Structures are given as C-alpha cells and as structure tokens.
Amino acid sequence: MNRIITKKILSQDVKEFVIESPRIATARHAGQFVIVRANDTGERIPLTIADANPEAGTITLIFQEVGKSTMLMGTFKEGDEFKDVVGPLGKPTHIEKFGTVVCMGGGIGVAPMHPISEAMKAAGNRVITIIGARSKDLLIMENRMKAASTELHISTDDGSYGVHGFVTDILQSLIDKGEKIDLAVAIGPVPMMGAVCKLTKKYDLPTVVSLNPIMVDGTGMCGACRVTVAGKTQFVCVDGPEFDGHQVDFVELVKRQRAYLPQERISREAFQHHEGCCSEK
Amino acid sequence: MAKKEKIPRQAMPEQNPDVRRKNFTEVPFGYTPELAQIEASRCLFCKKPKCIDGCPVNIDIPAFIRLIKDGDFIGAAHKLKEENALPAICGRVCPQEEQCEIVCVTGIKTEPVAIGRLERFAADYEREHGEIVIPEMEPPTGKSVGIVGCGPAGLTVAGELAKLGHSVTIYEALHQPGGVLMYGIPEFRLPKAIVESEVDYVKQLGVQIIYNAVIGRYMTIDELMEDHDSVFLGTGAGLPYFMNIPGENFNGVYSANEYLTRSNLMRAYRFPEYDTPIIESKKVAVLGGGNVAMDAARTALRLGADEVTVVYRRSRKEMPARDEEIHHAEEEGINFQLLTNPTELLGDEEGWVTGMRCIRMELGAPDSSGRRRPIPIEGSEYIIEVDTVVVSIGNGANPLIPQTTPGLDTNKWGNILADAKTAVTSIPGVYAGGDIVIGAATVILAMGAGKIAAAAMHRYMMGIPEPVEEKEEEKEEVKEKK
Ligand SMILES: Cc1cc2nc3c(=O)[nH]c(=O)nc-3n(C[C@H](O)[C@H](O)[C@H](O)COP(=O)(O)OP(=O)(O)OC[C@H]3O[C@@H](n4cnc5c(N)ncnc54)[C@H](O)[C@@H]3O)c2cc1C
Ligand SMILES: Cc1cc2nc3c(=O)[nH]c(=O)nc-3n(C[C@H](O)[C@H](O)[C@H](O)COP(=O)(O)OP(=O)(O)OC[C@H]3O[C@@H](n4cnc5c(N)ncnc54)[C@H](O)[C@@H]3O)c2cc1C
Ligand code: SF4
Ligand code: SF4
Ligand code: FES
C-alpha cells in the first residue's frame, strides 16, 4: 500500500508521484484531496488528487517542494512507501453543464486544476484553460492540460513563454473579445485567486476557488483549516475545499497560512543541513 | 483502650508539581503492591455491593478487590477483564467519584475504597508482569462485522464480538487507534503506551484495524453493509465548538481538539524531532471548565507557557471537570478566572491574537441543567493580555456520516438516533453508540454502550430473538395504551 510506482520531475522543485492506492483511485472525484504522512515522525500534508487510474489502482500527486515535509517527500524514490495516505477528502467539485467554463491554474495550482478541467469537459462544457507560471521552466503539465481542455492559453510573468503577464490578463482579453463565460474556476497562490476574483466580480462572473489553509486531520475534527466565507466560519476540509471566490476572506487566509513561519524555518534548515552533510559523503 | 485504628484511604504517590509541570510523564506513579493490599483491605466485601451498580459496566468490584487483598494480582486483572476490556484506561480516567466510589458504603463514615486506583494497579501489574491471557473464544460464526471508529465504543464492540466468534474489522479515520484516548487525553494523564497495549489486546482477539479510512468518503455505510453482516458506528463527538465571538480566527486561537491533537497524536511537544509544529506561547487563556479545558491548560504549561489561565463563566462549584483534575491543575500553578466570559478576541495587524475582552458574570436562577445561569454584570468589561487562546467549550457530532448516509436519522444536534436497549439506528443492521449518540460523555459510558450494541448485533446476525422481558414490556405498553 501507498507505494510509489513512478516518479517524475516536472520542474525544478515540482515532483509527480503515481502511488498505489486502489480504494482511493475508485472512490475519488474531481476536486478531492488526500492527506499524506511521509514517515513515523511526519506531519499530515494535504495534496490534491491530480489524477487517478481506477483500473491500475493508482492516484497521481503533484507537489511543490516548499518546506521540510515536501522536500523530504521529494527525496522518495520509486518503490518507496508513504507511511499514510488518507482520502479522498473534501467535497467533490460541483460538475454540470454550465456552457463555457474558464479554468485558471497558477503555479502548482495547475495540478489540482487538471481533474476539474477534465471533468468539466466530460460534462459537455466548453473548457478554456489558462495556466500560468513565473517563467517557462516552472510551467507544468502543458500537454495534459491541452488534452483536458477545449482551448489552452499560457502566461508567464517574465514573458519567457506564452503571453507575457498573468492569467488574469488573458482572462481580461477573453472578456474583452466578447467571450460569453458561464463559470470561472481558479486555483493557485492566494494572491492569484484574489486577483481573479477581483476581476470576475466586476463582471458578475461566478467564480469558484479551491482553498489551501493549514490542516491537521482533514475530517472536521480540529478546526485548523477554518476560513471566513460570506462572514461565516467554514472548515475547508469538510465544507470545501471549493467556495464562492467572491465571498472568501483572502486576507485572513494569507495570515493564517503564515502561522508557523518560525517553526517551518527551523524544520527546513535542520533538514537542509542534514541533507547537505549526507550528500557530500 | 483506644479503638482499633481505621485504615485511611491510601494516597497514590505522584510527581512533585514543580517537577511535573515541565514534563509530559504521567503524574501519579500508581500504587505499590503493599499500598494496593492495604487499600484492598479497607473493602467490607458487602453482600449487596452498591459499588457494582455504580459502575456502568458492572464490574464485580468486591471480587477483584479480594483477589488483590489475597495477593493474586493477575487474577484480579482477569476478573476485571471479564467485564471491562480496558481496565488500565478506566482505572485512570473514569470519574470514579461520581460512579462506583460515590455509592461505596465505607464512604458514609470515612472515605470510599479507592476502586479506580485498585483497578489501575491490577491492570498495570498484569501488563508489566503477567502474560496477557487471551480468553476462550467461541468457534467462528462466519459472520462479519464492520466497525466505524476505533475509540472506546468501537474497541468494546470489537472485543465482545470477536470473542463470540465473529470476524471483526475496524475502520478508523486517523492513523492511530484509540480515538480521544490517543488524540485528546494527554500523555501525562494517560500514557499512550498503555492505550497501545490495550488496543493490542483487542487485536490479539483477532480484530483487524484499517487506518486512514474516513467512512463516508473512503467507503459509504451502504458499501460497508455489502461487505459485512452488521455495522457499528462509534465515531465520537469530534466537532469542535467555537464561541462565535469576533476575532476567533486570529492566529494563536485553537480549538482544544487541534491543540491536543497537535501535541498528543502528532507529538508536537517533541518538535522538531516530530514535524508537526505548535505555537510557542507565553500567556495562554483556556476557555471552558471541563476535563478538556484542564487537559489543554496543563498541556500549555508543559509546552513552556509562562502563564496559563482557565477562564470559565460559572463558579468553581459548577465546573464540570473532575475534582482531581482541577486540584492537579491548581497545584501546578494554573490560574482560574471564574465567573468570567470572553466577549471578543483582539489581534494585531499580522493577524495574531493579543488580547481578550472579558466580562464578569454573576449567578442567577438555575437553568434547565439545574446549574445556576451566569448573567453578565454590566460595565464590568476588562481586557486580559494573551498570545494563545484554546477554546474548550465542548464538541458536537461530526456530520460526515449522516450527510453521506440516506435514511440515517439524527436529532437536532446531529447525534445519531439509536435505541437505548439495542443501539440499533434507523437503518436495520446498523448500530451506534458512544459520544456520537449521547454527546460528549465518558470513556466508560461509551464502553457500556458498546456492550449493549455488541449483544444486540450478535442476536441480529445469529437470528436469536430479542430477550423475552422486552416483549413483556411491550405487552404492558400495549395494555397501557388500551
Ligand atoms: C486541500 C489542499 C490541497 C493541496 N494540494 C496541493 C498540491 O496538489 N500540490 C502542492 O504542492 N501543494 C498542495 N497543497 C499545499 C501543501 O499542503 C503545502 O505546500 C505543504 O503542506 C507544505 O508543507 P512543508 O512542510 O513542505 O512546508 P512548510 O515549510 O511546513 O510550509 C510552507 C507553507 O505551506 C503551508 N502548510 C504548512 N503545513 C501545512 C499543512 N499541514 N497543511 C496545509 N498547508 C500547510 C503553509 O502555508 C506554509 O507556510 C494543498 C493544500 C491543501 C490544504
Ligand atoms: C481532552 C479530553 C479529555 C477527556 N477526559 C476524560 C476523562 O478523564 N474521563 C472520561 O471518562 N472521559 C473523558 N473524555 C471523554 C471520552 O474520551 C469520550 O467520551 C470517549 O472517548 C468517547 O468514546 P467514543 O468511542 O464514543 O468516541 P471517540 O473516542 O471520539 O472515538 C471515535 C473514533 O472514531 C473515529 N472516526 C470519526 N469519524 C469517523 C469516520 N467517518 N470514519 C472512520 N472513523 C471515524 C475518530 O477518528 C475516533 O478515533 C475526554 C475527552 C476529551 C476530548
Ligand atoms: S470501570 Fe470505572 S466505574 Fe467501573 S469500577 Fe472501574 S473505575 Fe469504577
Ligand atoms: S461498596 Fe465499597 S466496601 Fe462494599 S464491596 Fe463495594 S467497594 Fe467494597
Ligand atoms: S483540518 Fe482539522 S478540521 Fe479541517
């Protein structure tokens, strides 16, 4: 169980694992996530199920190395096992035929967008996907997103590939061209989701976002993942992770994501120091 | 000549408060064999022992105490296990003073026999010395049982049904067994090695545990019913309540569940050896007056806080926590601000909690619970400085299973409705018990519910009719209606 079947390096610090997890592979729907624990001393890390293959009994996880836990997982090789994989968690994405759906993924947010684009297309929507990254070598999953969408647009912050600018610039130009959009979905860093919502709000365009607060159990037991939506506290792991983007208090979310910065630094430095001395041998 | 000296209730040796407030090691050391035998000799071995009625699982108390008195400590442990699969746990965390001990006859003139401490002693002695003996098992029935939740309720059902020859699988959402015993109650009150060894005992009965299985998502109840002949829901009261006052989402504000789960289940008290972090606090306020609040406050102290204050809106008398826990907390230097209620949490630009606006309360007329209702005193507001707040005002029912199980009836608080005599829910073959049915309660009540459910599930699967007495009662009811 939980064995890594294949490992791929998608960009400098983005890794893709295909993991043996037959039950989750059949039970999962687009928009759901798992919580993994690397080893006995590990913390519980939520990761979206980027893809699944029920016949093979596998799920795909794509993650960016940002701190100790994701860096440690990044060192795992094919054949290694995660200590724990629990899921599928969260509510599935609400999929129906809306008409034209614009799916926007920023940075690592492209990975969780993949199953949503796919499911929206399968439901008969015209799916315009916009993916963005800081630069060309950080862009992931271009071909797979192309296959999952009716139309694919790409932006990079530095102009090294696709449109020079942000995903919101492409969205703006689609709107300016008179594209009739029925639903927008955005997943990425909080500032990106915030920017998308600011824009779509102007046009009263319904917008769904997928939130990534700090979590512990992922079953609604602890309240670590709480966010304010429409003035009310919600638990993202059970009430979400998707919400009406126009109602989310992004300012609070960003602050809550920063709650453990000093401890995260201690963990990361200890890990990098340890890795450093071991790889020198 | 002087009257024969009465032997006083024997105290349990424990760690000095100044030492223990800085470590997570268990507070009491437990009785030595000598102390246990002295305490056991205080029992009158009553012909009609009141204490047995006080125990929710009806342990034969005088019988196990006599075995201790006679020096057969292992025998005492086996006697306990006839009725209670988790004696080392109950001996530690049962509210004995309101159950078996409150009715003990020696308590009329002096202090009651220390039944809980003796139970703990016998169970510990067996674990440390004896080989754990597996009781006689019934031959396999070919029936299979699925249990949701590996807390005391689920573990009890599992143990009982395994002994009756059924094949038992527990599905647990977390990566460890025990429920609240593992994630909620701290190490210094209930060492996790003890929980593990009591769970091991249940596993030795042939029970399988599947971890990381969040039922409702991983599998539905319908799917479980396809794989099993009956299903038990023992999912506990795991939904933390907040105060619903402004500022509750500031950083530094925790539910007790999160605070304790980080520290206990995830071992954040050993960060960075363990990866899960917990905030380093100086001034902690814990809101609430129950056992959970005491556990959170004493954990905060051990995590290194300079000042820990329990803020409770009624008076000391109404505090639901066990006396022993309040006493331990006081000894360790925890402050109590009673008759005080928080009205707002204050924070800084970065989103960190910095203070708490409180209002003084006075007690008015008794409310529906019989306790005097606290009423705010106008104009008495003041601010206390804090950098961490742990909200411990109670837990409700997690809605995940009811939401994903059509036909499963709940009450208005979301607790699953189950028959008091058989624990059966609105779905035939599906049973429920413990905190998910009665709301946050106690370990031993969850175990009592588990025993009732196990007996009913056994009858259901084997096609044994319900006991006759129940039918008679039904008849009587019919008569009454006529
Ligand atoms: C529902 C959900 C789905 C996610 N899906 C993906 C995904 O598909 N790919 C991906 O790369 N990342 C995903 N994330 C984010 C991922 O969980 C964090 O990047 C990871 O936990 C960082 O851990 P770390 O120890 O490596 O870094 P740290 O140094 O510990 O933290 C870096 C940042 O990650 C966040 N973080 C830390 N601990 C947690 C935690 N326990 N839970 C959530 N966030 C935390 C904090 O904002 C923190 O500042 C998802 C998060 C959520 C909530
Ligand atoms: C901090 C604290 C201190 C306490 N102190 C005491 C004390 O001193 N004495 C005392 O008698 N009582 C005490 N209690 C209360 C006591 O622990 C509970 O009443 C008791 O544990 C209830 O048992 P249970 O089996 O019903 O539920 P729980 O112990 O809550 O176990 C439920 C289990 O089900 C699992 N679960 C939930 N949902 C799902 C799902 N969908 N799928 C799979 N698994 C699921 C949970 O992860 C958990 O492991 C305390 C409680 C707390 C929180
Ligand atoms: S299980 Fe609890 S109530 Fe029963 S005898 Fe033991 S301590 Fe007393
Ligand atoms: S009531 Fe007290 S004295 Fe009597 S048998 Fe029970 S424990 Fe012993
Ligand atoms: S992560 Fe604990 S309630 Fe959501």
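Quick note: the coordinates plus some simple rules give every number you see, no bench work behind them. In this text the structure is predicted, and so the values were computed from the model without any measurement. All Cβ positions, glycine included, derive from the backbone under ideal geometry; neighbour counts span all protein chains shown.
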Check your understanding: For segment A:93-210, taking Cα atoms only, what is the radius of gyration to one decimal and the Dmax to the nearest whole Å?
Key -> 12.7, 36
Exercise for review: Could you point to the residue in B:190, A:56, A:36 farthest towards the positive end of the protein assembly as shown's charge dipole, with +1 and -1 charges on the Cβ of Lys/Arg and Asp/Glu respectively?
Suggested key: B:190
Study note, to complete from the structure: Unit-weight point scatterers at every alpha-carbon of segment B:89-202, Debye formula, q = 0.13, 0.22, 0.24 1/Å: log10 I(q)/I(0) is -0.64, -1.23, -1.29
Exercise for review: Treat every Asp and Glu Cβ in the protein assembly as shown as -1 and every Lys and Arg Cβ as +1, leave all other atoms uncharged, and give the resulting dipole magnitude about the Cα centre to the nearest 20 debye.
Suggested key: 680 debye
Review point. How many angstrom lie between the C-alpha centres of segment B:357-405 and segment B:334-351?
Key: 12 Å
Study note, to complete from the structure: For segment B:23-67, the convex hull over Cα atoms projects on average to an area in nm² of 4.5 nm²
**Study point:** Local net charge near residue A:222, Cβ-Cβ under 9 Å (Lys/Arg +1, Asp/Glu -1)
**Key:** -1
Check your understanding: Hey, how many Å between the Cα centroid of segment B:412-472 and the Cα centroid of segment B:1-54?
Key -> 35 Å
Review point. Hey, what angle do you get for helix A:261-280 against the long axis of chain A, alpha-carbon based, 0 to 90 degrees rounded to 10?
Key: 60 degrees
Check your understanding: Roughly how compact is the protein assembly as shown, stated as its Cα Rg over 2.2 N^0.38 Å to two decimals?
Key -> 1.04
Review point. Mind checking which of A:165, A:87, A:218 has the largest fluctuation in a GNM of chain A, springs on alpha carbons under 10 Å?
Key: A:165
Point to revise | Separation of alpha-carbon centers, segment A:6-33 and segment B:182-201, rounded to whole Å | key: 34 Å
Review point. Along the principal axes of its C-alpha atoms, what lengths does segment B:212-329 span, in descending order and rounded to whole Å?
Key: 54, 39, 32
Exercise for review: For segment B:385-464, state the average projected area of the convex hull of the C-alpha atoms over all orientations, rounded to one decimal in nm².
Suggested key: 7.1 nm²
Review point. To one decimal place, what orientation-averaged projected area in nm² is obtained for the convex hull of the Cα set of chain A?
Key: 15.0 nm²
**Study point:** 10 Å binning of all Cα-Cα separations within segment B:4-128, expressed as whole percents from 0 upward
**Key:** 13, 47, 31, 8, 0
Point to revise | Net charge of Cβ neighbours under 14 Å - reference residue A:143; Lys, Arg +1; Asp, Glu -1 | key: -1
**Study point:** Of A:187, A:131, A:170, the one that fluctuates the most in a GNM where chain A has Cα springs shorter than 10 Å
**Key:** A:170
Point to revise | Loop-located GluC sites (Glu not before Pro) in segment A:13-79 whose Cβ has at most 10 other Cβ within 10 Å (DSSP) | key: A:55
Revision key, fill the gap. Compactness summary of segment B:249-393: radius of gyration and Dmax from Cα atoms, Å, are 15.4, 52
Exercise for review: For segment A:172-281, run through the chymotrypsin sites (Phe, Trp or Tyr not before Pro) and keep only the ones in DSSP coil with at most 15 other Cβ atoms within 10 Å of their Cβ.
Suggested key: A:203
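Counting residues in chain B as N, plug N into 2.2 N^0.38 Å and put the Cα Rg over that result.
1.02
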**Study point:** Cβ-based charge dipole, segment A:4-89, positive-most Cα from A:14, A:73, A:47
**Key:** A:47
**Study point:** chain A: most fluctuating residue of A:146, A:198, A:255 per GNM, C-alpha cutoff 10 Å
**Key:** A:255
Point to revise | Charge dipole (debye, nearest 20) of segment B:249-393; +1 at Cβ of Lys and Arg, -1 at Cβ of Asp and Glu | key: 560 debye
**Study point:** Lysine pairs in segment B:358-478 with Cα atoms under 25 Å, if 8 or more residues apart or on separate chains
**Key:** 5
Review point. Given the rule -39500 (n - 2.57) for each run of at least 4 DSSP H residues, summed and divided by the residues of chain A, what is its mean residue ellipticity at 222 nm, to the nearest 500 deg cm²/dmol?
Key: -9000 deg cm²/dmol
Point to revise | Computed over chain B: relative contact order in percent, which uses C-alpha pairs under 8 Å that are six or more apart | key: 14 percent
Check your understanding: So, counting K/R as plus one and D/E as minus one, what does the shell of residues with Cβ under 12 Å around residue B:331 add up to?
Key -> -3
Exercise for review: With just the Cα atoms of segment A:18-102, tell me how far they stretch along each of the three principal axes, in Å, largest first.
Suggested key: 45, 29, 19
